[in-house]
1. Assuming Asp51 fulfils every condition listed in (1) within 30 Å of Leu179 (Cβ to Cβ); (2) touching a helix residue (DSSP H, G or I) at 6+ places or on another chain (Cβ under 9 Å); (3) not basic (Lys, Arg) apart from one, which condition is it?
2. Being open to solvent by less than 100 Å² (accessible area, probe 1.4 Å), more than 14 Å from Ala126 (Cβ to Cβ) and modelled with pLDDT of 80 or more narrows it down to one of Tyr77, Tyr94, so name that one.
3. From the set of residues in segment 26-49 that are free of Cβ contacts under 8 Å to residues at least 24 places away in the same chain and under 15 Å from the mean Cα position of the chain (by Cα), which is surrounded by the fewest Cβ atoms within 10 Å (Cβ to Cβ)?
4. Given Leu73, Leu110, Leu101, which one is out of contact with any strand residue (DSSP E or B) (no Cβ under 9 Å at 6 or more places or on another chain) and closer than 23 Å to Arg37 by Cα?
5. For Phe148, which of the numbered conditions (1) more than 23 Å from Asp62 (Cα to Cα); (2) of a type outside the set (S, T, N, Q); (3) under 29 Å from the mean Cα position of the chain (by Cα) fails to hold?
6. List the strands (runs of 3 or more DSSP E) that sit entirely inside segment 60-171 and contain at least 3 residues that are of a type in the set (Lys, Arg).
7. From Thr69, Thr35, which residue is of a type in the set (S, T, N, Q), modelled with pLDDT under 80 and at negative phi?
8. Take segment 35-60 and flag every residue that is among the hydroxyl-bearing types (Ser, Thr, Tyr) and more than 25 Å from Leu73 (Cα to Cα).
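The values are calculated or read from the model by the stated rules, or taken from the named source; none is laboratory data. Treat the numbers as computed from the prediction; the structure is a model and nothing was measured. Using ideal geometry, Cβ is built from the backbone for each residue, glycine included, and neighbour counts are taken over all protein chains shown. Surface accessibility is based on the protein's heavy atoms, side chains included, excluding ligands, DNA and RNA. Shrake-Rupley method; radii C 1.70, N 1.55, O 1.52, S 1.80 Å.
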Amino acid sequence: MENKAKSPYIKLLQESQTILALSYVAAIGIGMLFTYRKYDVFGINIFDYADVFDFLIAPFADYKILLFTLISLLLTYIIFKSDRAYQRYFPKSYNKMNFGLGSQKWYQPLRNISLAILFLLYLFMAAKKYGELTKQDILINENVTVEFAGDEKKTGKMKGKTKDVVFLVHEGGAEAIPLSLAQSIVLHLKP
């Protein structure tokens, strides 16, 4: 008898673990897309310079990506559940809205596929906009000077960095500088 009482709780716990795991995987995918677009606007393919760990923390490295991920996943879930509730509680109105197609066998899979495609299009458009906005933010930042052994220096706007590389943007384009070659990085702050 006690096992029957625990089974709904165990089932709920297992479902929540699955939902959390899938949400984290989705967050990593979204983080990778946004990080790619952030660097791509300067012509940098971040996949050439980053390692797996950089992408595992990508959704949490920038609060904008984390916020967008949470809002996107929540919004998608709400839209999906609202559509199902509308279909369940107002079937006549729902049927009129979709011209009677809701009763067809092929409608449910098509609806799910359509929602997934719309979500992906939304992500790609939002990632593109994010890349453009971060480009504007980078270009108004103060310059950074990377100093090398032998008094060589390179100056530009710091685009970002990975574990091994720092990215500078200057008039000539973008440049990836291995941190192992840099002696120091000097930030030029406004007085």
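1. Among (1) within 30 Å of Leu179 (Cβ to Cβ); (2) touching a helix residue (DSSP H, G or I) at 6+ places or on another chain (Cβ under 9 Å); (3) not basic (Lys, Arg), Asp51 violates only (2).
2. Going through Tyr77, Tyr94 in turn, just one is open to solvent by less than 100 Å² (accessible area, probe 1.4 Å), more than 14 Å from Ala126 (Cβ to Cβ) and modelled with pLDDT of 80 or more: Tyr94.
3. Only one residue fits best here, namely Phe47.
4. Only one candidate passes the filter, namely Leu73.
5. Failed condition: (3).
6. 153-161
7. After ruling out the rest, the residue left standing is Thr69.
8. Listed by number, the list holds a single entry, Tyr49.
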